């Protein structure tokens, strides 16, 4: 198997996306800047068109309002796409759910366990910044004062699951534990394998998240000291 | 008692248990470990708070070895 040739500290899944540059702090900054530029390129023409319409013909107010609405809605749709990575998936039966959450609880500390019970998300400190790990994705809060949110869609490979002969989905705790272990093994590789869905302002993402999961963002911002990484 | 567990649809299953003083149990665990890797699982051990490491041979002295499936971008 090709993955055998890779060093152990590199996530073997990165071989499946060998064309992607490995994510690091510089790349995050670049991607973030590009995302901002793209957002501006979407918003400014609509706002410009609305202004121009009003200058040329005030009766075109409804069209100008539609332009302004577009300028507002497009970034919101991207933020919604980002927030969707943390949306909980369908639950398994009670017993597998209980067992999987128990295992997940063994992997994290007391505060992270409590936060997961309240929000369904695990707060995991990383070198790039704090991560919020969900069942089918993770969000990295990055930059000065963690103002930018990188949302990644990533999950257990369905083909790998099928290859084990199991047609049944994993319970929620196991889905998170898979991502958590991969993140802990190789944070940069994790971000490289995952598909980026949003890299914009944290406030914009937070507004699109369900109220209960916003608590996890708040916990990440309160500081990582209170969210222990693992039992000693 | 060390454990090799596999995350699956049941929550998790214990694949093998061993102590380093029991060579037969260790050998059985090693065989089970290799069989799970053949099935496509990846083996992980915690190496400290917030850190995990992939292993390709069963670390006999580890308390817990967890088998996970590969992940991919959604």
Which numbered condition residue A:20 misses (of (1) within 14 Å of chain B (Cβ to nearest Cβ); (2) modelled with pLDDT of 95 or more; (3) part of a helix (DSSP H, G or I)): (3)
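Determine whether residue B:32 is free of Cβ contacts under 8 Å to residues at least 60 places away in the same chain and under 15 Å from residue A:161 (Cα atoms).
Values: free of Cβ contacts under 8 Å to residues at least 60 places away in the same chain: yes; under 15 Å from residue A:161 (Cα atoms): no.
Taking the combined requirement at face value, the residue does not satisfy it.
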Those residues of region B:1-27 which are free of Cβ contacts under 8 Å to residues at least 40 places away in the same chain, in contact with a strand residue (DSSP E or B) (Cβ under 6 Å, 6 or more places away or on another chain) and not in a loop (DSSP other than H, G, I, E, B), in sequence order: B:13, B:14, B:16, B:17, B:25, B:26
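In region A:105-136, how many residues are part of a strand (DSSP E or B) and away from every other protein chain (no Cβ under 13 Å)?
Let us first name the residues in region A:105-136 that are part of a strand (DSSP E or B), namely A:122-125, A:130-133.
From the residues that got through so far, the ones that are away from every other protein chain (no Cβ under 13 Å) too are A:132.
So the count comes out to 1.
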Residue list for region B:56-74, filter: over 16 Å from residue A:189 (Cα atoms) and surrounded by fewer than 20 Cβ atoms within 10 Å (Cβ to Cβ): B:56, B:57, B:59, B:60, B:61, B:62, B:63, B:64
Of the criteria (1) surrounded by fewer than 18 Cβ atoms within 10 Å (Cβ to Cβ); (2) part of a helix (DSSP H, G or I); (3) at the interface with chain B (Cβ under 7 Å from one of its Cβ atoms), which one residue A:181 fails: (1)
Boolean, residue A:120 is under 20 Å from residue A:101 (Cα atoms) and either modelled with pLDDT of 95 or more or in contact with a strand residue (DSSP E or B) (Cβ under 6 Å, 6 or more places away or on another chain) (or both): yes
Search result, residues across region A:137-147 that are away from chain B (no Cβ under 14 Å) and assigned to a strand (DSSP E or B): A:140, A:141, A:142
Qualifying residue in region A:191-201 (condition: more than 7 Å from chain B (Cβ to nearest Cβ), surrounded by 22 or more Cβ atoms within 10 Å (Cβ to Cβ) and over 12 Å from the mean Cα position of the chain (by Cα)): yes
Filter result for residue A:123 (crowded, with 24+ Cβ neighbours inside 10 Å and within 14 Å of the chain's Cα centre (by Cα)): yes
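The values are calculated or read from the model by the stated rules, or taken from the named source; none is laboratory data. All of these numbers come straight from a predicted model, not from anything done at the bench. Note: ideal-geometry Cβ built from the backbone for every residue, glycine included; neighbour counts use all protein chains shown.
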